[in-house]
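Read the structure below first, then the notes.
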Amino acid sequence: MLARVVAWIFLAGIIVVGTETASAQNYPNKPIRLVTAEAGGGADFLARLIAQGLAAGFGQQVIVDNRGAASGVVAADTVAKAPPDGYTLLLYSGVIWTLPFMRKVPYDPARDFLPITLAAISPNILVVNPSVPANSVRDLIALAQARPGQLSYASSGIGVTPHLAAELFKAMAGVNIVHVPYKGQAQALNELIGGQVQLMFPNAASVAPHLKSGRLRPLAVTSAQPSKLFPDLPTMASSGLPGYESVVMFGTFAPAKTPAALVTRLNQEIVHSLSKSDTREKLLAVGVETVGNSQEQFAAAIKIDMARWSKVIKDAGIRAD
């Protein structure tokens, strides 16, 4: 009896593997939908480049579906509820796995998605108003320690990366600086340039023109390694805060239960499209650095990122609307 059960399980495994292989060989035979953020942003630009690469590799149309409302909730929920057949994919920033720490969402980032690849990252830049007497991260920490509660930092909203990056800085440096949230990054940068606040952690693309004009002074990049975007800037980690890291992670996902063979094919095609020099150059021009790694590496990176931000969010008592 046991021998027959073992034989049945073995045969069932062969059938499943055979079915997945056949499915992968026939995939895709209709258009693929890539769900992402609102049109015009960094995620949208990245999604369109990936869509072009997938279309060329698969010989099938790839449609970018912009669902930018509610900080990724609509996009993530759309893909979480889609059939796990490889025809509905998600490209979004790490907000889809940090937001559940700040508010209730209709999806579970660990249960409802399969990571495909970390497509790209975008670092933030610690910048100060030129009137601030600090030319390095160490200078800024010393200044903040000498003036507790007197320095303020701008962000483009509650729970976004510039906010979280500053809270991580506060926690690791042991300083008391005041958060001033604004409605969007442009307004926050204008207030910083005007001197109403003293520092900020904006994304690289938005702040680049202000650094060239001298209206803001850069102190460090928030990525773990020096950034290709600003190779002359030190990292936060090398400037007195070992272990500091904060980047916007743009990842691609499939719905949970998507066949492994399809996810593997998608990983191969997306990584290949990201490896092209023209794609890398186009993304660097808008402040984004390509990655393209394995499913396992991406899953490990998400786990580390979730552990970091869950602690920061809990300790700072951050709640998003």
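None of the figures in this text is laboratory data; all of them are computed from the coordinates on show. Model, not experiment: these values are computed from the prediction. Because the Cβ atoms are built from the backbone with ideal geometry, glycine has one as well, and the counts that use them run over all protein chains shown.
A few comments on the model shown:
- Only one entry of Asp278, Asp305 meets the criterion of being among the acidic types (Asp, Glu) and in contact with a strand residue (DSSP E or B) (Cβ under 9 Å, 6 or more places away or on another chain), and that entry is Asp305.
- Looking across region 118-141, the residues that are surrounded by fewer than 23 Cβ atoms within 10 Å (Cβ to Cβ) and touching a strand residue (DSSP E or B) at 6+ places or on another chain (Cβ under 9 Å) come down to Ile121, Asn129, Pro130, Val132, Ala134, Asn135, Ser136, Val137, Asp139.
- Among the residues of region 273-304, those identified as more than 18 Å from Val263 (Cβ to Cβ) and either surrounded by 18 or more Cβ atoms within 10 Å (Cβ to Cβ) or of a type in the set (Gly, Ala, Ser) (or both) are Ser275, Ser277, Thr279, Arg280, Leu283, Ala285, Gly287, Val288, Glu289, Thr290.
- Here Pro234 meets each of (1) surrounded by fewer than 18 Cβ atoms within 10 Å (Cβ to Cβ); (2) more than 16 Å from Val127 (Cα to Cα); (3) in contact (Cβ under 8 Å) with a residue 24 or more places away in the chain with one exception, condition (2).
- Subset of region 72-97 [over 16 Å from Val263 (Cβ atoms) and either touching a Pro at 6+ places or on another chain (Cβ under 9 Å) or aliphatic (A, V, I, L, M) (or both)]: Val73, Val74, Ala75, Ala76, Asp77, Lys81, Val95, Ile96, Trp97
- Some residue of region 65-86 being in contact with an Asp or Glu (Cβ under 7 Å, 6 or more places away or on another chain), closer than 30 Å to Leu219 by Cβ and not in a strand (DSSP E or B): no
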